[in-house]
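Visitor: My questions will all concern the structure given below.
The values are calculated or read from the model by the stated rules, or taken from the named source; none is laboratory data. It should be emphasised that the depicted structure is a prediction, and the values quoted were computed from it without experimental measurement. Here Cβ is always computed from backbone atoms with ideal geometry, including for glycine, and neighbour counts include all displayed protein chains. These accessible areas exclude ligands, DNA and RNA; they are computed on the full protein's heavy atoms, side chains included. Shrake-Rupley method; radii C 1.70, N 1.55, O 1.52, S 1.80 Å.
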Amino acid sequence: MNQELWEKSVEFHGHHCPGLAIGVRASQEAIKALNISFSEDEDVVCITENDACGVDGVQVILGCSVGKGNLLFRNRGKQAFTFFNRNSGEKIRLVLKALPEMERDEMEAFILNEPDASKIFDFKTPDYDLPERARIFQSLICEECGEKTAEHMIRLENGKKVCVDCSNPYTRGF
């Protein structure tokens, strides 16, 4: 465990916890498996299946962020992270195993320091491909609320360009 990176992650997240440890350790295992490092741009992509503490560890260790377009949420409520190396095309999905009952601090230490990562994660091949690079969209004005909205989020409704918030979706209950 790189103590300096752990402390940096704790500072960013605001406290230490087992959840943060999951994201830090998953990131470290992805570094080993995919031969990646901190991503200045979009060379490393993480698709997270949760919106919990571990995501902050991924941001600190690998430089993935929503703003850069290389941290994507596919929220399934699972402690699972898929990492892509854009340069090599390699990918890996790490899924947290059901771990034995432990006290919080003991669990955190186990996740960070257990030498055998296969006791912590299942290492799988994701069943989806690397997403395209982030695009920059033109902004349009919603004709209902007047707010600027990215072009791909505009809906055409009754002949007017409206944002998602102002639109009245037609789903028929499905």
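Visitor: Determine the percent antiparallel among the DSSP beta bridges restricted to the chain, to the nearest 5.
Guide: Of the beta bridges lying entirely in the chain, close to 85 percent run antiparallel.
Visitor: Please give the charge dipole size of the stretch 5-132, origin at the Cα centre, charges +1 on K and R Cβ atoms and -1 on D and E Cβ atoms. Round to the nearest 20 debye.
Guide: So the magnitude is around 300 debye.
Visitor: By per-residue mean of other Cβ atoms within 10 Å, what is the highest-first order of 27-37, 124-134?
Guide: Averaged packing, sorted descending, gives the order 27-37, 124-134.
Visitor: Which order, highest average first, do 155-162, 5-12 follow once you tally other Cβ atoms within 10 Å for each residue and take the mean per peptide?
Guide: 5-12, 155-162
Visitor: Would you tally the net charge around Leu34, using a Cβ to Cβ cut-off of less than 9 Å, leaving Leu34 out, and scoring K and R as +1, D and E as -1?
Guide: Net charge around Leu34: +1.
Visitor: While we're here: When the helix-only estimate is applied to the chain (DSSP H runs of n ≥ 4, each -39,500 (n - 2.57), divided by the residue count), what is the mean residue ellipticity at 222 nm, nearest 500 deg cm²/dmol?
Guide: -8500 deg cm²/dmol
Visitor: Next up: Could you tell me what percent of the accessible area of the chain is made up of carbon and sulfur, with a 1.4 Å probe and every protein chain present?
Guide: Heavy-atom surface of the chain belonging to carbon and sulfur, 1.4 Å probe: 47 percent.
Visitor: Could you give the Stokes-Einstein D for the chain in µm² per second, using the C-alpha Kirkwood radius, 4 °C, 1.567 mPa s?
Guide: The calculation lands on 72 µm²/s.
Visitor: Here is a follow-up. Calculate, in nm to one decimal, what Ile141 and Lys78 gain on full extension: separation in residues at 0.36 nm each, minus their alpha carbon distance.
Guide: The Ile141-Lys78 span can extend by a further 19.0 nm.
Visitor: Using the Karplus curve 6.51 cos²θ - 1.76 cosθ + 1.60 with θ = phi - 60°, work out ³J(HN,Hα) for each residue of the stretch 4-18 in order, rounded to whole Hz, and write x for Gly and Pro.
Guide: Computed from phi, the couplings for the stretch 4-18 are 4, 5, 4, 5, 5, 5, 4, 4, 5, 6, x, 6, 9, 6, x Hz.
Visitor: Hey, another quick one. In the stretch 16-39, whose amide N lies under 19 Å from the spot 7 Å out along Cα-to-Cβ of Ser65? List them in ranges.
Guide: 24, 27, 37-39
Visitor: For the charge dipole of the chain, defined by +1 on Lys and Arg C-beta atoms and -1 on Asp and Glu C-beta atoms about the Cα centroid, which residue among Pro100, Gln3, Ser167 has the Cα displaced farthest towards the positive pole?
Guide: Positive-most Cα among the choices belongs to Ser167.
Visitor: Next up: Can you give me the accessible area per residue for the stretch 69-174, using a 1.4 Å probe, in Å²?
Guide: Value returned for the stretch 69-174: 70 Å² of accessible area per residue.
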